[in-house]
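One structure is given below, encoded as structure tokens.
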Amino acid sequence: MVKHLRTYALFLQSLFILPLAQAQDNQWDWVPRDSLTAEQQAQLSQYCKGAYVNTWQPISSPNTHLISDLIVRDRSGVIHLEGAAEITQPESTLSAAQIEVVPDEYYQASGNVVLRSKTQLIRSSNSYISNNGQTATKFTDARFLNHDTGARLEADSLLYNKSGVAFIEEGFFTTCEPTDESWKLYGSSIELDPNSGFGTAKHVHIRIADIPVFYFPWLRFPIDDRRQTGFLFPSFGYSGSDGLSLSAPFYWNIDSNLDATITPNYIQQEGEGIDLEVRHLSPYGTTTYEQSTFESDDEGKQTLIKFTTKQKFNSHITTGVTLEDNPTENLYPEANTTSIAEKDNYERSAYISFNSGNFLNKVTYLTYQTPDNSEDKPFEWRPRISSSYVTSSSYLNYSLTTQYTDFYDPDEDDFDGERLVLNQDISLDFSNAWGSISPGVLAQYRDYNVHDYTTGSDSSSSIGHLTSYLDSSITFERQLTVGRQTLTPRLNYLNSPYQDQDDIKDFDGSDLTQTYSQAFSHKRFSGDDRIGDTEQITFGLESRIYDENNNEKWALKAGQIFYLKDRYVDISGDTDEDTAIHNAEQSDLLTSVSYSGDRYSLTNNLNYDLDENDASLVQFIAALEPIDDIKINLSYLYSLDNSDSDDDAHQAAIGTILPVNQNWSMYTQYTYDFLDEDFSRQIFGLGYENCCVKVSLSYQDWIDDDDGSDRGVFLQFTLRGLSSAGSANSDASSIADTYWNQGKVGY
């Protein structure tokens, strides 16, 4: 076979929307699972019943070999191969009952024509293959298979012109196994142009289980990796309160570095809208513009806008801009396919940074739009200038951070002003394989110029503070029958003396959530305002168990803080050395347990008050797979008496995925909120999956962001090798997401 046959094969490999018809299994090099080798079976998905096995082998000779019962060369130079004719070349083999050959011009074959190569198989009743590119190549009653992708097609005819454009008449395409054709894509006429990367088709419809689900009078689609303009597959759903919902995205490939996605949205009981995303790629970075607009039948126009850009001009200089806007006065689009979420405050910021490895400088200007005038507006930075420097050696670690911020209160009803921060952390590091000890000093300086709107007065204040600390640990290790175990006692001493901070305002400080890891922190508060006073010793004990491959299986941690002095400084308010804010002599017992195994994983955090014999935090998460394909997710959270009651939580959830048989699965989830004494989410769904299709149908009942009850039916399906369609519930994650994405089932 001549070189053009390889070109035709490459064209056919690109066809992912082509017709295909029913055929016998043995026409497709199909081998049932039971007849495959153990190695071949291990490569199969659990849902696949067999595999395509190509027994064709290339030859080492560069020459063309002709084999036939009878070979005749007539007077005009035409070579006739009669009976069991075969032409073999290094990269392909053509066989048929009869083959007519004109060297350097064409091959014409008839009667059970088979063309094979490394990854492809073509069968036809008759074929004309051009060798010189001057005439068209044609396969009649053609059947095509790509062994690697599993793509199969059948067409009444395949025709290639001299430019390589393929014309296909009447047929269908699928990636399903010959024994289980769950979906097919039909077309009456298809044209494939590998030069432009486009394909067009007329009267296209998709059938699932032989039932038509989509029809397109005309369809334009890509046939390679080049980005192409065209419609993407729509998404749809049904909700008890909203009725039918539909989104139909259109992708516009404007230029090599510019594209857009336009998505019309329709909700039966709400209205209609349109979303826009425009992306630009420059030599230095990316820029994105997004807009979501919805015309609500009840509320009128609802809009969200977002513009982001990040440009890196060289290895040192980076700039970025973020502009978010809600121009419709606290109204939010009912349908939104962009990345813009409903927020209390929308960011408008710009920054430029200079990075030279261990020396970082950044200037940021930050403001917000707050659509709801009743909301307290956050402080703005006009601007913030920050620098940091880090260096380390074998025994010495040093870090320096400086920051100047001009805070502005948009409400002008409390206070704002300027803050200068200087933090220096220097520590010695003495460590080896079995332990470490690291004494250090944290020097903190704050300087403020504050304007008080309630009194109209200006004031200045400053504070300098030294915190000393000592971190130490020792690691013991022993070998187990399988693997090894480590035991690491940890000891931390922290001394942060009290200083009066009545004049120190709270711009961005907050309490740290008390956990085992936070217990070893050198600061009581986050942010750069108040400096928490304490003298404390923290004891911790950690044990880890590793398997024979040095993978961590168990991690067990327990620790407690013992306070040597009362604490007098809080995030805000007056500080008085005679009035303690916290006088407990010890913290809760802080514990953490995690396990990672083949069949289950778990995480458990527990904070327990030994004085009150009560738990302040209980968090438990478990993912179980006791046997293949059965998945159980368990979670429990108890966190009460927080400084902000909105952070209180007490809820439990169970989610399961249970196989009904080889292809069907059932999944459920129930989430119960003990504070509201009601279920916040209930889900029941069924999923079907085989080697080429995955379908999920679920009923969901949930509490939305406005504490209202909603319910809906959601359908998702994937046709492997074609596309995805349907809709999930975007309001919150659920066991349905686990089944669809994280369940490691199928695709």
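The values are calculated or read from the model by the stated rules, or taken from the named source; none is laboratory data. The shown structure was predicted, so the numbers you read here are calculated from the model rather than taken from an experiment. In this analysis, Cβ positions are derived from the backbone assuming ideal geometry, glycine residues included, and neighbour counts consider all displayed protein chains. Ligands, DNA and RNA are stripped out before the accessible areas are found, and what is left, the full protein with its side chains, is counted by its heavy atoms. Shrake-Rupley method; radii C 1.70, N 1.55, O 1.52, S 1.80 Å.
Brief remarks on what is shown
- Whenever a residue of region 224-243 is under 27 Å from Ser709 (Cα atoms) and part of a strand (DSSP E or B), its partners that are modelled with pLDDT under 75 and not polar (S, T, N, Q), lying with C-beta atoms within less than 7 angstrom and at least six residues away or across chains, give the pairs Ser235/Ala725; Ser235/Gly726; Phe236/Gly726.
- Entirely in region 366-472, the strands (runs of 3 or more DSSP E) that have 2 or more residues that are under 22 Å from Gly527 (Cα atoms): 380-392, 396-408, 415-428, 435-452
- Of the residues making up region 594-619, those that are open to solvent by 60 Å² or more (accessible area, probe 1.4 Å), in contact with a Leu (Cβ under 7 Å, 6 or more places away or on another chain) and assigned to a strand (DSSP E or B) are Tyr600, Tyr608, Gln619.
- Flag for Ile627 being farther than 21 Å from Thr513 by Cα, free of Cβ contacts under 8 Å to residues at least 40 places away in the same chain, among the aliphatic types (A, V, I, L, M) and loosely packed, with under 13 Cβ neighbours inside 10 Å: yes
- Unmet criterion (only one of (1) over 23 Å from Ser110 (Cα atoms); (2) surrounded by fewer than 13 Cβ atoms within 10 Å (Cβ to Cβ); (3) not basic (Lys, Arg)) for Tyr47: (2)
- In region 124-159, residue most open to solvent (accessible area, probe 1.4 Å) [restricted to those that are out of contact with any Pro (no Cβ under 6 Å at 6 or more places or on another chain) and of a type in the set (A, V, I, L, M)]: Leu159
- Residues that are outside any loop (DSSP other than H, G, I, E, B) and surrounded by 15 or more Cβ atoms within 10 Å (Cβ to Cβ), drawn from region 490-510: Arg490, Leu491, Asn492, Tyr493, Leu494, Asn495, Ser496
- Close pairs from region 393-411: first farther than 19 Å from Gly509 by Cβ, partner hydroxyl-bearing (Ser, Thr, Tyr), Cβ under 6 Å, at least 6 apart: Asn397/Ser427; Tyr398/Thr391; Leu400/Tyr389
- Some residue of region 668-686 being polar (S, T, N, Q), modelled with pLDDT of 75 or more and either within 19 Å of Thr337 (Cβ to Cβ) or in a loop (DSSP other than H, G, I, E, B) (or both): no
- Selection status of Tyr398, open to solvent by less than 70 Å² (accessible area, probe 1.4 Å), among the hydroxyl-bearing types (Ser, Thr, Tyr) and out of contact with any Lys or Arg (no Cβ under 6 Å at 6 or more places or on another chain): yes
- The set of residues in region 59-111 being open to solvent by less than 80 Å² (accessible area, probe 1.4 Å), within 47 Å of the chain's Cα centre (by Cα) and not aliphatic (A, V, I, L, M) consists of Gln89, Pro90, Ser92, Thr93.
- Any hit, region 293-311, residues being within 23 Å of Ser235 (Cα to Cα), open to solvent by 80 Å² or more (accessible area, probe 1.4 Å), modelled with pLDDT under 95 and assigned to a loop (DSSP other than H, G, I, E, B): yes
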